[in-house]
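The values are calculated or read from the model by the stated rules, or taken from the named source; none is laboratory data. In this text, all values refer to a predicted model and were calculated from it rather than measured experimentally. Cβ coordinates were reconstructed from backbone atoms using ideal geometry, including for glycine residues, and neighbour counts include every protein chain displayed. All accessible areas refer to the heavy atoms of the entire protein, side chains included, with ligands and DNA or RNA removed. Shrake-Rupley method; radii C 1.70, N 1.55, O 1.52, S 1.80 Å.
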Amino acid sequence: SPGLVTDFHAPGGLGVRLDSALYAGYAIPPYYDSLAGKLIVHGRDRAECIARLRRALGEMVVGGIETTIPLFQDLLAEADILAGDYHIHWLEQWIKAQA
């Protein structure tokens, strides 16, 4: 969302990378690319990647604007996601079921 980034802490560690230009004090204008940052994790297998992603999302702080961090944390609690049992329409069906 557009607005002033009041707090910012990027996650780090082995297998974790954040591509972003955000910092505390940065003002995101109303006409911006909605991709304010891209969190990338890698590991030896899916389980290690999921563990690193869970940790990185918990470490990440972006204050003052809305982000998709809570959405991704919720998704990492879903059995279908953890099992890799999803399809192109899974997310839209899941979001409708949450309402």
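According to a simple spin-label model (label point 7 Å from Cα along Cα-to-Cβ), what is the distance in nm between Asp45 and Tyr26? Calculated label separation equals 3.6 nm. Between Gln98, His42, Pro30, the Cα set farthest toward the positive side of the dipole of the chain (charges on each charged residue's Cβ, about the Cα centre) is that of His42. Distance from a point 7 Å along Cα→Cβ of Gln98 to each backbone N in the stretch 59-77: keep the residues under 12 Å and list them by number. Residues 67-77 fall inside that zone.
The loop-placed trypsin sites (Lys or Arg not before Pro) in the stretch 12-79, going by DSSP, that have at most 11 neighbouring Cβ atoms within 10 Å of their Cβ come out as Arg44. Summing charges over all other residues whose Cβ lies under 15 Å from the Cβ of Ser20, with Lys and Arg as +1 and Asp and Glu as -1, gives -2.
P(r) tail for the stretch 41-84, what percent of Cα pairs lie past 17 Å? In whole percent, the long-distance tail amounts to 33.
What the phi angles of the stretch 83-99 give under the Karplus curve with 6.51, -1.76 and 1.60, with θ = phi - 60°, is a coupling list of 8, x, 9, 9, 9, 4, 9, 4, 5, 5, 5, 5, 4, 4, 5, 6, 6 Hz, glycine and proline written as x. Each residue of the stretch 4-9 is assigned a 3J(HN,Hα), and the resulting list reads 8, 6, 8, 9, 8, 9 Hz, derived from the Karplus form 6.51 cos²θ - 1.76 cosθ + 1.60 (θ = phi - 60°), x at Gly and Pro. Within the chain, the longest segment free of exposed loop sites, counting chymotrypsin sites (Phe, Trp or Tyr not before Pro) that fall outside DSSP classes H, G, I, E and B and have at most 13 other Cβ atoms within 10 Å, spans 33-99. Max-minus-min Cα coordinates of the stretch 21-99 on each principal axis give 39, 33, 17 Å, with the largest extent listed first. The residues of the chain expose, per residue, 68 Å² of accessible area to a 1.4 Å probe. Of all accessible surface on the stretch 35-99 at a 1.4 Å probe, what whole percent is carbon and sulfur? About 58 percent, which is the carbon plus sulfur part of the accessible surface. When Rg and Dmax are taken over the Cα atoms of the stretch 1-54, they come to 13.6, 39 Å.
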